[in-house]
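A.B. asks: Quick one: the structure is below, and I'll ask about it shortly.
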Amino acid sequence: MSSNVEDMSWSDARNLLRKWRDDNERKSDDVIQLWDNVLASKQSKLGNERHLVLEQVIIAALDCNRIETAEHCVSILSAEFPGSLRIQKYRSMLLEALERYDDALDELEQIIRKDETNAAPRKRKVAILKTQGRTAEAIKELCDYMKIFMSDQEGWHELCNLYLAEGEYAKAAFCMEELLLHNPHSHLIHQRLADIRYTMGGIDNIEMAKTHYCKAVKLNVNNLRALYGLFLCCGHISNSKAVVGKRKEAQKLAQWAMAQIQSRTHSATKDTKAAVKSGKSRSAGCDDELQALEQAFGGLDVGKITN
């Protein structure tokens, strides 16, 4: 990009920024180069897109730590739209970049008081609290947010992450269950919920983890993590004090899961060896890693169940 910027006309630069906005691409470094070399002195020619370009440059400048550029663009928009909540949000982001977190939180609180249905400032508030390491406060703020915006799947994901960071596995599992209501056919959500249940321990949680691992494998037969999790759950159940019928069923399922794992790792090994021969190896030592995994799980063979 740097080699072509000086040869571009202002209209070409405007069209390129428009394309990136439409495609939802940030390309912060390139945006700043276009602004510095072409568009900063041609603002009056941008017409109706001028404000959109200024907003695009603000985000790019914050990404690139170009604080002066961001301040300049924010001051222009603030002068033209002194009461805009949208511009106030950019001011809070600028304060956040300057690590003036308390001032940024005050700006966000003002926005929330003026418009309680505005989700963006509430999310920024959670992000700032998380950045400061105030996880408990971030959880409280995000819980208040989720009471209003219950269908926000990203919010449930983030709340799950915060609970996991605090070791609140039961609450994290609840968040994943809420996500399942929104997206019941996602193998990754089933897999993560199973991971959490397995980590919680106890025969009931292990049973629930096995169920979700089975669902994840059913939705995506190539999900190796779910297959490994399924094998571990079945191994735990078959060696527990569960009734004989459940233990025998778990033994058969564990053998099936290991067979699936071995077939997929062996096929991956063959593909890697073929790539090595053709000079297209992705990374060295892939075979060793696969063999190490097989040896590790080979020591977890499930024995026969006896009455």
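A.B. asks: Filter the stretch 169-201 for residues that are of a type in the set (D, E, K, R) and within 23 Å of LEU232 (Cβ to Cβ); which is farthest from the chain's Cα centre (by Cα)? Reasoning before the result, please.
C.D. replies: Here is the first cut: in the stretch 169-201, the residues of a type in the set (D, E, K, R) are 171, 177-178, 192, 195, 197.
Those still in the list that are within 23 Å of LEU232 (Cβ to Cβ) too: 177, 192, 195, 197.
Values: GLU177: 17, ARG192: 13, ASP195: 17, ARG197: 20 Å.
This residue is ARG197.
A.B. asks: Does the stretch 174-184 contain any residue that is touching a helix residue (DSSP H, G or I) at 6+ places or on another chain (Cβ under 8 Å), buried (at least 17 other Cβ atoms within 10 Å of the Cβ), over 27 Å from ILE206 (Cα atoms) and not aliphatic (A, V, I, L, M)?
C.D. replies: No, the stretch 174-184 contains no residue that is touching a helix residue (DSSP H, G or I) at 6+ places or on another chain (Cβ under 8 Å), buried (at least 17 other Cβ atoms within 10 Å of the Cβ), over 27 Å from ILE206 (Cα atoms) and not aliphatic (A, V, I, L, M).
A.B. asks: Collect the residues in the stretch 207-220 that are basic (Lys, Arg) and either open to solvent by 40 Å² or more (accessible area, probe 1.4 Å) or touching a Ser or Thr at 6+ places or on another chain (Cβ under 9 Å) (or both), keeping them in residue-number order. Even if it seems obvious, please write down each step before you answer.
C.D. replies: Looking only at the stretch 207-220, we keep the residues that are basic (Lys, Arg), and these are 210, 215, 218.
Listed by number, the residues that qualify are LYS215, LYS218.
A.B. asks: On to the next question. Find the residue count for the stretch 46-61, including only residues that are touching a residue at least 24 places away in the same chain (Cβ under 8 Å) and open to solvent by 40 Å² or more (accessible area, probe 1.4 Å).
C.D. replies: Step one: list which residues in the stretch 46-61 are touching a residue at least 24 places away in the same chain (Cβ under 8 Å), which gives 46, 49, 51-53, 55-61.
With open to solvent by 40 Å² or more (accessible area, probe 1.4 Å) added as a condition, the list becomes 51-52, 59.
Counting residues in the stretch 46-61 that are touching a residue at least 24 places away in the same chain (Cβ under 8 Å) and open to solvent by 40 Å² or more (accessible area, probe 1.4 Å) gives 3.
A.B. asks: Cβ-Cβ below 7 Å, separation at least six or inter-chain, first residue in the stretch 62-74 and closer than 20 Å to HIS51 by Cβ, second of a type in the set (D, E, K, R) and assigned to a helix (DSSP H, G or I): which pairs?
C.D. replies: Note: pairs meeting the criteria are VAL74/ARG91.
A.B. asks: Could you say whether any residue in the stretch 174-195 is outside any helix (DSSP H, G or I) and of a type in the set (D, E, K, R)? Break it down stepwise before answering.
C.D. replies: Of the residues in the stretch 174-195, the ones outside any helix (DSSP H, G or I) are 183-186.
The next check asks that each one be of a type in the set (D, E, K, R); those that pass are none.
The answer is no; no qualifying residue exists.
A.B. asks: Of these, ASP204, ASP144, ASP152, which one is over 21 Å from ASP106 (Cβ atoms), more than 15 Å from the chain's Cα centre (by Cα) and either surrounded by fewer than 22 Cβ atoms within 10 Å (Cβ to Cβ) or modelled with pLDDT under 95 (or both)? Steps first, answer last, please.
C.D. replies: On the way: ASP144 fails: over 21 Å from ASP106 (Cβ atoms); ASP152 fails: more than 15 Å from the chain's Cα centre (by Cα).
Testing whether each residue is over 21 Å from ASP106 (Cβ atoms), more than 15 Å from the chain's Cα centre (by Cα) and either surrounded by fewer than 22 Cβ atoms within 10 Å (Cβ to Cβ) or modelled with pLDDT under 95 (or both) leaves just ASP204.
A.B. asks: Still on this model: Report, ordered by the first and then the second residue, all pairs with beta carbons closer than 7 Å, sequence separation of six or more or different chains, a first member in the stretch 243-257 that is under 13 Å from ILE206 (Cβ atoms), and a second member that is among the aromatic types (Phe, Trp, Tyr) and surrounded by 15 or more Cβ atoms within 10 Å (Cβ to Cβ).
C.D. replies: ALA254/PHE231
A.B. asks: Check the stretch 34-43 and report whether any residue there is of a type in the set (A, V, I, L, M), open to solvent by 30 Å² or more (accessible area, probe 1.4 Å) and modelled with pLDDT under 90.
C.D. replies: Looking only at the stretch 34-43, we keep the residues that are of a type in the set (A, V, I, L, M), and these are 34, 38-40.
Cutting the leftovers down to open to solvent by 30 Å² or more (accessible area, probe 1.4 Å) gives us 40.
If we keep only those that are modelled with pLDDT under 90 as well, we get 40.
Yes, because at least one residue in the stretch 34-43 is of a type in the set (A, V, I, L, M), open to solvent by 30 Å² or more (accessible area, probe 1.4 Å) and modelled with pLDDT under 90.
A.B. asks: Scan the stretch 148-173 residue by residue and report those that are hydrophobic (A, V, I, L, M, F, W, C) and assigned to a helix (DSSP H, G or I). Give the steps one after another, and end with the answer.
C.D. replies: Quick first cut of the stretch 148-173, residues hydrophobic (A, V, I, L, M, F, W, C) only: 148-150, 156, 159-160, 162, 164-165, 170, 172-173.
Result: ILE148, TRP156, LEU159, CYS160, LEU162, LEU164, ALA165, ALA170, ALA172, ALA173.
A.B. asks: Just a yes or no: is a residue in the stretch 228-250 touching a Ser or Thr at 6+ places or on another chain (Cβ under 9 Å), open to solvent by 40 Å² or more (accessible area, probe 1.4 Å) and under 24 Å from PRO184 (Cβ atoms)?
C.D. replies: No, there is no match, as no residue in the stretch 228-250 is touching a Ser or Thr at 6+ places or on another chain (Cβ under 9 Å), open to solvent by 40 Å² or more (accessible area, probe 1.4 Å) and under 24 Å from PRO184 (Cβ atoms).
A.B. asks: Okay, moving on. Can you name every residue in the stretch 28-45 that is in a loop (DSSP other than H, G, I, E, B) and in contact (Cβ under 8 Å) with a residue 24 or more places away in the chain?
C.D. replies: Just the residues of the stretch 28-45 that are in a loop (DSSP other than H, G, I, E, B), to begin with: 40-42.
Hit for the stretch 28-45 is LYS42, nothing else.
A.B. asks: Let me ask another. Quick check on VAL126: is it open to solvent by less than 50 Å² (accessible area, probe 1.4 Å), in contact with a Phe, Trp or Tyr (Cβ under 9 Å, 6 or more places away or on another chain), among the hydrophobic types (A, V, I, L, M, F, W, C) and more than 30 Å from LEU179 (Cα to Cα)? Lay out the reasoning, then the answer.
C.D. replies: On the way: open to solvent by less than 50 Å² (accessible area, probe 1.4 Å): yes; in contact with a Phe, Trp or Tyr (Cβ under 9 Å, 6 or more places away or on another chain): yes; among the hydrophobic types (A, V, I, L, M, F, W, C): yes; more than 30 Å from LEU179 (Cα to Cα): no.
Taking the combined requirement at face value, the residue does not satisfy it.
A.B. asks: May I pose another question? Output the residue which, of all residues in the stretch 221-246 that are assigned to a helix (DSSP H, G or I), closer than 19 Å to ARG197 by Cα and over 27 Å from the mean Cα position of the chain (by Cα), is modelled with the lowest pLDDT.
C.D. replies: Top of the filtered list is LYS246.
A.B. asks: Taking ASP106 as the residue in question, decide whether it is surrounded by fewer than 14 Cβ atoms within 10 Å (Cβ to Cβ) and of a type outside the set (S, T, N, Q).
C.D. replies: On the way: surrounded by fewer than 14 Cβ atoms within 10 Å (Cβ to Cβ): yes; of a type outside the set (S, T, N, Q): yes.
Considered against the rule, which asks whether it is surrounded by fewer than 14 Cβ atoms within 10 Å (Cβ to Cβ) and of a type outside the set (S, T, N, Q), ASP106 comes out as yes.
The values are calculated or read from the model by the stated rules, or taken from the named source; none is laboratory data. It should be emphasised that the depicted structure is a prediction, and the values quoted were computed from it without experimental measurement. Glycine gets a Cβ as well: all are built from the backbone with ideal geometry, and neighbour counts include every protein chain shown. Accessible surface is based on the protein model in full, side chains and every heavy atom, while ligands, DNA and RNA are left aside. Shrake-Rupley method; radii C 1.70, N 1.55, O 1.52, S 1.80 Å.
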